[in-house]
Structure formats: C-alpha cells, structure tokens
Amino acid sequence: MKAVVADEIYSFYVNDVISLIKKDDNLQDVSVKEEKLKELLDKEYPINEYTGIGEGKNLIVIQVEALQNFVLFEEINGFEITPNLNKLVKDSCTLYYDNFFQLVGKGNTSDAEVAILNSLYPSLTEPTNNLYHSNSYYGLPWILRDNSYTSWAFHGYEREFWNRDKAFKAQGFQKFIAQDDFVFDNYIGFGIPDREFFKQSLEYIKELDRIDENPFFAFLITLTSHTPFKMPPNEIYTDLGELEGSLTGNYIHAIHYADMEIGRFIENLKEEGLYENSVIAIYGDHFGIASYDEKEKVNVEKVIKERYDFDTMMNVPLLIHVPGEDINNTISTVGSQLDFLPTILNIMGIENEKGIMFGKDLSNKYDESYAFPMGYIKEGSVISKDEMLVRDKALFENSRAFNRNTREEIDIEKFRELSERALEEIDLSNYVLESNYIDRLLND
Ligand code: GP9
Ligand code: MN
C-alpha cells in the first residue's frame, strides 16, 4: 500500500469539503431557479387594443434568411431595396416592430426558429437543436394545435439539416415540407430559389387548408438570401455602382430578390383567396453583414450613412399583417425574437395555458424595454431604446456603451445591474432546456 503523507490527507479532506459545498451550491442554485420559473409561470399578459384581432384566422409566418432592418425604406441611387416590404409596412392592416432584435447562438437560423416559436433563449454552447431536439416543447405549433389548428413547417433544404426533422416534430409540427418535397432543377446558392419555394409551398398550403374547416399555421423559412448572396445575372435588377461586387452589394441584390418573391407570394395568396383570412408575420432570422467585418462595415455605412454597430447589425424587422384591421402603426418597444410568441398569441386571441415564456408582448407599450442579445456578442449585453451596452468578454469594466441615436460613447455604469439581469435570464432559460423543464410542466 502506498504511504499517504499528511498533506495528501489534508488535500483529500479539503477536496471532499469543496465538493460538498459545490453540491450544496448546486442544490441551492436549482431551487432558486425553480422558484424563479414558478414566478415566470404566473407572469400576466395584460390585454391591449390588438388582443384577439386575428382570432380564428390562419397564421402564415415567414422567416426570411438574413433580412436586416436597415434595408427597409433604403434607396441606392433611387433604387428601392425592399419595395414590397415597404408597401406592407405602410398597409393599413400592418403593425411594424422596428426595435426587434435577433437572438441566435451557435445554431444560427435554427436558433432563431427555437426562440421565435418557443420564447426561449437558444443554448449558449451548441446549436439548440443538437442538444435538445428531443426535449418537450410547448410553443406556437403546439399551442395552436391545442386550439384546433394544423401546424406545418416549410423549408427548401435538407430535412436533417440543423436536426430540423427531429426538432420540428418535438416542437409540434405535424408535417415538415423539406427539400425532398420540392421539384426543381435550377439552384441559387444553397438550393431551391425562393420563387420556386413559395410557388410550390402555396400548393402544399392549399392542401393544408383543405384538411378541415379549422384554421392552419404555416411556418415558411426562406433560403435564397443566404451568404455569400451570389445572385445569377438574370436576377440582378440594378447597378449598385461602387458597391457592385462587394459582399454588401451582393447582399442588397439578394434581399431585393427575396422581397420581390415575398411580394409575388402575397399576390398569389390573394388570388387563391387565402390572404383575407390569414394573419401574416414576416421577420428576419439574423444579420447578413457583420459590423465587425471592417471592409463591409464601410460599405454598409455608405448605405445607412451612420456608424454601423451591433445594434443595427442585430436589428431585424418584424411585420404583422392582420387583414381587415385599421391598425397601421410602428411599435418601437425593444425586444428580441423570444418576444414574438406572446406578441402573436395576443393578436390571435390565444392564451398559453401550459408552457413557459421568457418574452413580453411587444404591443404593450412599456416605459422601458430591453433586449438581451447573445450569440455574436457576449451575453450580458443590453439594448435599450436609445442606448446599447456591448459587454466585454472577460471584464464588465472593459465593456463599452453608446447612444444609439448620436452614436456617442456613454458611461457603462448604469448598465451594471441590467447586465446582471440579462445573464441571469439567459442562464434561467438555459436551465429550462438543460433540465427539460417543459416536459415536467406538461407531465406533472
Ligand atoms: C439552411 C439554412 C441555413 O437550412 O437555414 O442557414 P444558416 O443557419 O447558415 O444561416
Ligand atoms: Mn440563416
């Protein structure tokens, strides 16, 4: 037997005590989290002027690849980048949320789907669908199913990509129309061009509509405006001058194409008699051009004519069109993709009776509202109506903050508490995923 010297005994002892304390800490931590989640379950969602205006209607949600907010109402030498989205924003039946921010982690597009559908923060460590594709969820597809809807997802790429085949099932979709359900022979970038995607999806939507007398939920994810945004010459509609050939120039061409196809899809919905009885929501999944790409930053700044920073980069548009309603409004409550679920449920006049939501209803005009971004930026960062804190990776003291209107640097101290709140909230949401909390909610 090996002799054990005194300080080895001591270190055994110390290690034991440390691991006991750690265990105790963890238990305490878990019970604090469970308490906080109980509070969240009791969160009230007050009614407002938009409550129930979409009741009984179909819901069509379009997630547009890499659509950022800055392209809306922007012109380059008289060329309107997104004429169809601009027209829709101005429509008397549309609510436009202009302070809506992306919330994606390592799972990019698929994380946007998780946040949008489930009102949760994506995982910080891995694509959410890699780790939690077989968790229980109770988000938009399930809630609508419990309210007699049929929920289908549509995306013209490989069924297994981002584990969507499994994740969409767990999240409540009854059918996932994927690449193998589409017939096409011309590719743009990743695969099926949006024109073909929308055209063939419409045929499936008609099938979905015929299933029963009840309304449907169609969740469409576009593809063509994916980086590197290379459009074929016959789908380029202007000369962008000095931006021509740059990533930003290519991005503008690709977004213009996506906008054109959204416009065409809307016209086709009208022809099929599906427009007047469907609420349509459109948003971008995440940025296309990084503000930390020094070369492209300069190019974007030529378009927006101000400093391009994380707030503009992460700002994606959200439009909700409710047919027959005279509601045109720009709502500037600050929020992120996890606020979509409570916002759309309020409009559809449906309550979430079983699940948990980290989001708020963006249509309620809060005095102060925040987004707690993550993913391409250190968690603990904060966006408010007029300011932003970009948290440093290591030390809060090394963070920076700026005024979103003047772009001037401001003192970071006022964000200290909010930044801690952001970290806590993200951590709590990750606990929901890690502990498969919703499974317990549904089955206990
Ligand atoms: C393909 C597409 C990927 O399914 O959604 O987009 P990405 O996550 O790379 O932005
Ligand atoms: Mn994407």
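The values are calculated or read from the model by the stated rules, or taken from the named source; none is laboratory data. None of the values given here were measured: they were computed from a predicted structure. All Cβ positions, even for glycine, are placed from backbone atoms using ideal geometry, and neighbour counts span all protein chains on display. Calculation scope for accessible area: heavy atoms of the full protein, side chains included, ligands and nucleic acids excluded. Shrake-Rupley method; radii C 1.70, N 1.55, O 1.52, S 1.80 Å.
Results, tabulated for the structure shown:
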item: Filter result for I116 (touching a residue at least 24 places away in the same chain (Cβ under 8 Å) and touching a helix residue (DSSP H, G or I) at 6+ places or on another chain (Cβ under 6 Å)); result: yes
item: When residues of region 99-115 are limited to those that are outside any helix (DSSP H, G or I) and not charged (D, E, K, R), the one nearest to I331 (Cα to Cα); result: N99
item: Selected residue (criterion: farthest from ligand 1 (Cβ to nearest atom)) from residues of region 31-45 that are open to solvent by 50 Å² or more (accessible area, probe 1.4 Å), under 23 Å from the mean Cα position of the chain (by Cα) and not aromatic (F, W, Y); result: E44
item: Close pairs (8 angstrom Cβ cut-off, 6 or more residues apart or separate chains): at negative phi and open to solvent by less than 30 Å² (accessible area, probe 1.4 Å) in region 198-210, of a type in the set (V, I, T) and part of a helix (DSSP H, G or I) anywhere; result: F198/I262
item: Pair list, Cβ < 7 Å and 6+ apart or interchain, from region 336-364 residues that are closer than 13 Å to L41 by Cβ to residues that are among the acidic types (D, E) and open to solvent by 20 Å² or more (accessible area, probe 1.4 Å); result: F358/E425
item: Test: residue in region 309-325 that is assigned to a loop (DSSP other than H, G, I, E, B), farther than 25 Å from R145 by Cβ and hydroxyl-bearing (S, T, Y); result: no
item: Residues within region 374-409 that are open to solvent by 50 Å² or more (accessible area, probe 1.4 Å) and not in a loop (DSSP other than H, G, I, E, B), tallied; result: 4
item: One residue from I221, I211, I188 being more than 16 Å from ligand 2 (Cβ to nearest atom) and β-branched (V, I, T); result: I211
item: T312 in contact with a Lys or Arg (Cβ under 9 Å, 6 or more places away or on another chain) and among the β-branched types (V, I, T); result: yes
item: Selection from region 56-77 of residues that are within 16 Å of ligand 1 (Cβ to nearest atom), part of a strand (DSSP E or B) and polar (S, T, N, Q); result: Q63
item: Selection within region 256-281 - closer than 23 Å to A115 by Cα and either part of a loop (DSSP other than H, G, I, E, B) or within 16 Å of ligand 1 (Cβ to nearest atom) (or both); result: A258
item: Qualifying residues in region 282-298 (those that are of a type outside the set (K, R) and surrounded by fewer than 21 Cβ atoms within 10 Å (Cβ to Cβ)) - the one nearest to the chain's Cα centre (by Cα); result: A290
item: Candidate set from region 154-182 (those that are part of a strand (DSSP E or B) and within 16 Å of ligand 2 (Cβ to nearest atom)); member that is farthest from I347 (Cα to Cα); result: H155
item: Complete set of residues in region 119-129 that are in a loop (DSSP other than H, G, I, E, B) and either among the aromatic types (F, W, Y) or within 16 Å of ligand 1 (Cβ to nearest atom) (or both); result: Y121, P122, S123, E126, P127
item: One residue from I143, I188 being within 16 Å of ligand 1 (Cβ to nearest atom) and either out of contact with any Phe, Trp or Tyr (no Cβ under 7 Å at 6 or more places or on another chain) or open to solvent by 10 Å² or more (accessible area, probe 1.4 Å) (or both); result: I188
item: Residue in region 230-250 that is on the phi < 0 side of the Ramachandran plot, open to solvent by 10 Å² or more (accessible area, probe 1.4 Å), touching a Leu at 6+ places or on another chain (Cβ under 6 Å) and free of Cβ contacts under 8 Å to residues at least 60 places away in the same chain present; result: no
item: Any chance S148 is more than 16 Å from ligand 1 (Cβ to nearest atom), in contact with a Pro (Cβ under 8 Å, 6 or more places away or on another chain) and part of a loop (DSSP other than H, G, I, E, B); result: yes
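Residues are listed down the side, and each one gets a yes or a no for (1) of a type outside the set (D, E, K, R); (2) part of a loop (DSSP other than H, G, I, E, B); (3) out of contact with any strand residue (DSSP E or B) (no Cβ under 8 Å at 6 or more places or on another chain):
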site	(1), (2), (3)
Y45	yes, yes, yes
N48	yes, yes, yes
G54	yes, yes, no
N86	yes, no, no
Y96	yes, no, no
L117	yes, no, no
L131	yes, no, yes
Y137	yes, yes, yes
W152	yes, no, no
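Table: residues versus (1) within 16 Å of ligand 2 (Cβ to nearest atom); (2) within 21 Å of D326 (Cα to Cα).
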{"position": "Y50", "(1), (2)": "no, yes"}
{"position": "V61", "(1), (2)": "yes, yes"}
{"position": "A66", "(1), (2)": "yes, no"}
{"position": "N84", "(1), (2)": "no, yes"}
{"position": "T94", "(1), (2)": "no, yes"}
